[in-house]
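**Student:** Before I ask anything, let me first share the structure, which is written out below as structure tokens.
The values are calculated or read from the model by the stated rules, or taken from the named source; none is laboratory data. Nothing here was measured: the structure is a model prediction, and the numbers come from that model. Glycine gets a Cβ as well: all are built from the backbone with ideal geometry, and neighbour counts include every protein chain shown.
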Amino acid sequence: MQDTWWQSLVQWTLWGAAMALVMGWVGRNRLKPRPEAEAQLLRHPVSTLVIGVVGAVFFFGLAIISNTVGKNPTATVWTTLCFISLGLMSAPMILDYVYGRHQVSEEAIAYGRLLGRRGVMRWADVRRIRFSPGMKWFVLEDHQRTRVRVSAMLMGLPEFARLALARVPPEALDDRTRTLLTETSLGRPPRVWG
């Protein structure tokens, strides 16, 4: 049976609507009010963990089903490896939810990396801050060329932006980044989609 143009249109429209709903949910979750005790903690909203776990369970489940209950002649080792690979792509979201937490203070940012390594970068040592629109993160770089990436999906971005504007040497910010940090400090962080 051949697909007609309208079937493709409906399929892509539904996909676009689903993505808009999910990304809207993620965007709203990062802006929820938080307890005062968490004011200086930058962390992912629970929606990041949910998306990562759902993706992993879905694709690992397909890998299992394609080799057991749903086994058919088209299921090969390659389809199984494809499903496993897609399931593994959810791992960075889960790991970043667990380890990608930062704590800001008047003196420094204590950062966490994807695989659990931690460190501290003093605001006075930051030589450059830029925003990567493709990756949706702020990149802080110090004089030793250590880089810290602060995702636009994190809760607590306004406090990060306020401290970066106040404590980082002025020459470390270009006009575009300064404007973006100013907007973020006012509660209008970068969009996570689009």
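**Student:** Residue by residue through the stretch 141-194, note down the ones that are assigned to a strand (DSSP E or B), closer than 17 Å to L41 by Cα and touching a helix residue (DSSP H, G or I) at 6+ places or on another chain (Cβ under 8 Å).
**Tutor:** V150, S151, M155
**Student:** Let me ask another. Please go through the stretch 175-194 and give me each residue that is surrounded by 13 or more Cβ atoms within 10 Å (Cβ to Cβ), farther than 15 Å from N29 by Cα and within 17 Å of the chain's Cα centre (by Cα), ordered by number.
**Tutor:** Correct list: T184 only.
Here is a yes/no grid of residues against (1) at pLDDT 95 or above; (2) within 17 Å of the chain's Cα centre (by Cα); (3) buried (at least 17 other Cβ atoms within 10 Å of the Cβ):
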| position | (1), (2), (3) |
| --- | --- |
| V120 | yes, no, no |
| M135 | no, yes, no |
| M153 | no, yes, yes |
| F160 | yes, yes, yes |
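Here is a yes/no grid of residues against (1) touching a residue at least 24 places away in the same chain (Cβ under 8 Å); (2) among the polar types (S, T, N, Q):
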position	(1), (2)
S132	no, yes
K136	yes, no
D142	no, no
M155	yes, no
P158	yes, no
P169	yes, no
L180	yes, no
T184	yes, yes
P189	yes, no
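**Student:** Right, L115: assigned to a loop (DSSP other than H, G, I, E, B), out of contact with any Lys or Arg (no Cβ under 9 Å at 6 or more places or on another chain) and among the aliphatic types (A, V, I, L, M) or not?
**Tutor:** Against the criterion (assigned to a loop (DSSP other than H, G, I, E, B), out of contact with any Lys or Arg (no Cβ under 9 Å at 6 or more places or on another chain) and among the aliphatic types (A, V, I, L, M)), L115 qualifies.
**Student:** Answer yes or no as to whether A124 is of a type in the set (G, A, S), loosely packed, with under 15 Cβ neighbours inside 10 Å and either closer than 24 Å to V53 by Cα or modelled with pLDDT of 90 or more (or both).
**Tutor:** yes
**Student:** Only residues that are within 20 Å of E38 (Cβ to Cβ) and of a type in the set (D, E): list them for the stretch 142-184, please.
**Tutor:** Answer for the stretch 142-184, where residues must be within 20 Å of E38 (Cβ to Cβ) and of a type in the set (D, E): just E159.
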